[in-house]
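Data block below; observations after.
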Amino acid sequence: MVQAYGADTDNGSADRPQPAGPRFRGLVDRLRGDRGIWRRGIVLALCSVLLTLLMAVHAKVPNRLGNLGSLIETFLPWIALLLPVLLVLGLLRRSATALVALLLPAVVWLNVFGGLLTDKSGSGGDLTVATHNVNAGNPDPEGTAQQVAGSGADVVALQELPGRKVFTYEKALADRYPYHSVQGTVGLWSKYPLADTRPVDLKMGWTRAMRSTVRAPQGDVAVYVAHLPSVRVKLQAGFTANQRDNSADALGEAIADEPVDRVVLLGDLNGTMNDRSLNAVTSQMRSTQGAAGDGFGFSWPASFPMARIDQIMVKGVEPTSSWTLEATDSDHLPIAARVEF
């Protein structure tokens, strides 16, 4: 009884809460003693380092093997999806090394793509343009044309126009756009007069690009419409894009030789601004989405957009806003932008 009484009372120490200070110091001591938190998760930390290197030097990934570099660059923003996975695994492993290393790819990703997360769109502008790959198999060409025109664009570019449906698009847009031209499988509709309209040779054997001078009230602007060849991902050949790359070089040469100072490029380039194979074009023009858009502006595929391969690019004019339009019956989303002369 004496022992029990002493154990229960003992000046009340058994029931008295311990001070926070000693408990915190004890936790710190245990963490210091648990060297495993730094030893665990080395493989996870290595994964973070590799992701960092991939984003930092993606331009060095060779294209010789199935155009691997271009494939990575096309979907580079999606690397962000791997970061939460590494975070969860690092927490489960209770690895300080993995969690600290994860800061590296997070910082690099924010440095590369963080600017696209903010809304840079402004007000004003002199000319609104829109572009859409309508899809040759579109079951509702009239509705698609009306929907794109409903954006209020002054100039509309359409790609992948099948010859048997050109008249339908022309009829649907005639009321809003008194001036237009169709060259091969691409077309341009405008509220303002067109001049010096001609096809652009993409080295494909048939016409999938054109240029025209739009006589806007604020001044002339050269508008290019282009549909570069499609790329393919094949098990044996990899990311096959040679024809697309050659056509991009030809388009870049045409734009470089353009005598008009203000230039707007509208079209399906089958590549993103990060794809090195489009350097002939992207090195001399700005993306309206990157300069004045809100978010990434992914346009393809329409059912679950994963990449912005439809582009509005400019030089000699200032983008004020850029956005993605509502889906049509195409597998691409239409996009629009407003520019200031």
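Annotations
- Here r is the Cβ-Cβ distance between Ala59 and Gln284 and R0 is 25 Å; the resulting FRET efficiency, rounded to 0.05, is 0.90.
- Residue of Trp78, Trp323, Trp189 that the Gaussian network model of the chain assigns the largest fluctuation, springs spanning Cα pairs under 10 Å: Trp78
- Cross-link partners of Lys165 among lysines (Cα-Cα below 27 Å; sequence separation of 8 or more within a chain): Lys191, Lys203
- Highest-fluctuation residue, Ile37, Ile255, Ile79 considered, GNM on the chain with Cα pairs under 10 Å: Ile37
- Placing a label point 7 Å from the Cα of Ala256 along the Cα-to-Cβ line, the residues of segment 198-215 whose backbone N sits under 16 Å from it are 201-203.
- Cβ-to-Cβ counts within 10 Å put His132, His227 in ascending order as His227, His132, the fewest first.
- Ranked list, fewest to most other Cβ atoms within 10 Å of each Cβ, for Val107, Val221, Val166: Val107, Val166, Val221
- Dividing the C-alpha radius of gyration of segment 132-246 by 2.2 N^0.38 Å, with N its residue count, gives 1.15.
- Charge dipole magnitude, Cβ of K and R +1, D and E -1 - the chain, Cα centre, debye nearest 20: 1360 debye
- Reach of Lys60 by Cα under 24 Å, taken over lysines that are not fewer than 8 positions away in the same chain: Lys234
- Extension reserve of the Lys203-Leu83 stretch, reckoned as 0.36 nm per residue once the Cα distance is removed: 39.0 nm
- Cα-based reach from Lys120 at 12 Å (exclusive), listing aspartates and glutamates while leaving out same-chain residues under 8 positions away: Asp294
- Convex hull per residue volume in Å³, alpha carbons only, for segment 178-323: 121 Å³
Values quoted throughout were computed directly from the atomic coordinates according to the rules given, and no laboratory measurement underlies them. From a predicted model like this one, the values you see are computed outputs, not experimental measurements. All Cβ positions, glycine included, derive from the backbone under ideal geometry; neighbour counts span all protein chains shown.
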